[in-house]
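Accompanying notes for the structure given below.
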Amino acid sequence: RFGNVLGSNGSVVPLFKEQIAAGGPVTVTHPDIIRYFMTIPEAVSLVLQAGALAKGGEIFVLDMGKPVRILDMAEKLIRLSGYEPYVDIKIQFSGLRPGEKLYEELLMDEEGLSGTENALIHIGRPIAIQEDFFERLENLRQTLSKEDGVDVRAEIKTLVPTYHPKI
């Protein structure tokens, strides 16, 4: 698990450059949204090293460094292009998309991390499946057939304690 790779397909930087070249506006979903980034060479190197460490079934979590506020990135790209943010090139906030978070969670709190010989590569400790998991999963399936959103969310909460519906 890791964050965004700069310059890859779908990366925000080419989109911002395109929007700046067109005279704006540069679109940012939310002023406080943050994301982790690494370069293509960093990502390739860490993925290859993680592959060499793999024994089977591990969830590798790569150290992405400090997260970057997307608004700061947009403002810097505008300045690097020779313009003044909000004066020459407007920044427009489009709003979070359904399910989008202000920050990325590369690991759930209850998973924890184990170190490896590379300080930038960690192994997530999976959560053990509880004895009654499959029974609760069947309860969810039955609740889904009733099409009651409140009950469905309650059942999901029993399966995924970190689930916090935004509805």
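The values are calculated or read from the model by the stated rules, or taken from the named source; none is laboratory data. Remember, it's a predicted structure, so these values are computed and weren't measured experimentally. Here the Cβ is made from the backbone with ideal geometry for all residues, glycine too, and neighbour counts use every protein chain on show.
Could you list, in sequence order, all residues of the stretch 63-84 that are in a loop (DSSP other than H, G, I, E, B) and under 30 Å from P25 (Cβ atoms)?
Of all residues in the stretch 63-84, those in a loop (DSSP other than H, G, I, E, B) come to 63-67, 81-84.
Within the stretch 63-84, M64, G65, K66, P67, S81, G82, Y83, E84 meet the criteria.
Does T39 fit the bill of being surrounded by 15 or more Cβ atoms within 10 Å (Cβ to Cβ), touching a residue at least 24 places away in the same chain (Cβ under 8 Å) and of a type in the set (S, T, Y)? Show your work before the answer.
Values: surrounded by 15 or more Cβ atoms within 10 Å (Cβ to Cβ): no; touching a residue at least 24 places away in the same chain (Cβ under 8 Å): yes; of a type in the set (S, T, Y): yes.
Answer is no for this residue.
Pull out all pairs, ordered by first then second residue, where Cβ-Cβ is under 9 Å, the residues are six or more apart or on different chains, the first lies in the stretch 70-96 and is closer than 27 Å to M38 by Cβ and touching a residue at least 60 places away in the same chain (Cβ under 8 Å), and the second is part of a loop (DSSP other than H, G, I, E, B) and of a type in the set (A, V, I, L, M, F, W, C).
Partner pairs satisfying both residue conditions: L96/I33; L96/L102.
Sort out which residues of the stretch 70-99 are in contact with a helix residue (DSSP H, G or I) (Cβ under 8 Å, 6 or more places away or on another chain) and not β-branched (V, I, T), and write them in order of number.
As a first pass, look at the stretch 70-99 and keep what is in contact with a helix residue (DSSP H, G or I) (Cβ under 8 Å, 6 or more places away or on another chain): 70, 73-74, 77-78, 81, 83-85, 88-89, 91.
Answer for the stretch 70-99, where residues must be in contact with a helix residue (DSSP H, G or I) (Cβ under 8 Å, 6 or more places away or on another chain) and not β-branched (V, I, T): M73, A74, L77, S81, Y83, E84, P85, D88.
In the stretch 85-100, which residues are within 16 Å of the chain's Cα centre (by Cα) and surrounded by fewer than 13 Cβ atoms within 10 Å (Cβ to Cβ)? Steps first, answer last, please.
Initially, the stretch 85-100 is screened for residues within 16 Å of the chain's Cα centre (by Cα), giving 96-100.
Answer for the stretch 85-100, where residues must be within 16 Å of the chain's Cα centre (by Cα) and surrounded by fewer than 13 Cβ atoms within 10 Å (Cβ to Cβ): R97, P98, G99, E100.
What pairs come out if I take residues in the stretch 125-154 that are assigned to a helix (DSSP H, G or I) and pair them with residues that are among the polar types (S, T, N, Q) whose C-beta lies under 6 Å away, six or more apart or interchain?
R136/T158; D151/T143; V152/T143
Touching a helix residue (DSSP H, G or I) at 6+ places or on another chain (Cβ under 8 Å) and either assigned to a strand (DSSP E or B) or modelled with pLDDT of 90 or more (or both), is that true of F60?
On the way: touching a helix residue (DSSP H, G or I) at 6+ places or on another chain (Cβ under 8 Å): yes; either assigned to a strand (DSSP E or B) or modelled with pLDDT of 90 or more (or both): yes.
Yes.
Can you tell me which of I78, I123, I129 is modelled with pLDDT under 90, surrounded by 15 or more Cβ atoms within 10 Å (Cβ to Cβ) and among the aliphatic types (A, V, I, L, M)? Steps first, please.
Numbers: I78 fails: modelled with pLDDT under 90; I129 fails: surrounded by 15 or more Cβ atoms within 10 Å (Cβ to Cβ).
Result: I123 is the single residue among I78, I123, I129 that is modelled with pLDDT under 90, surrounded by 15 or more Cβ atoms within 10 Å (Cβ to Cβ) and among the aliphatic types (A, V, I, L, M).
Could you tell me which numbered condition Y103 fails, if it satisfies all but one of (1) over 30 Å from P25 (Cα atoms); (2) of a type in the set (S, T, Y); (3) not in a strand (DSSP E or B)?
Exception for Y103: condition (1).
Going through the stretch 150-162 one residue at a time, which ones are within 26 Å of the chain's Cα centre (by Cα) and over 10 Å from R136 (Cα atoms)?
V152, R153, A154, K157, V160, P161, T162
Given (1) over 30 Å from K166 (Cβ atoms); (2) in contact with a helix residue (DSSP H, G or I) (Cβ under 9 Å, 6 or more places away or on another chain), identify the lone condition not met by G51.
(2)
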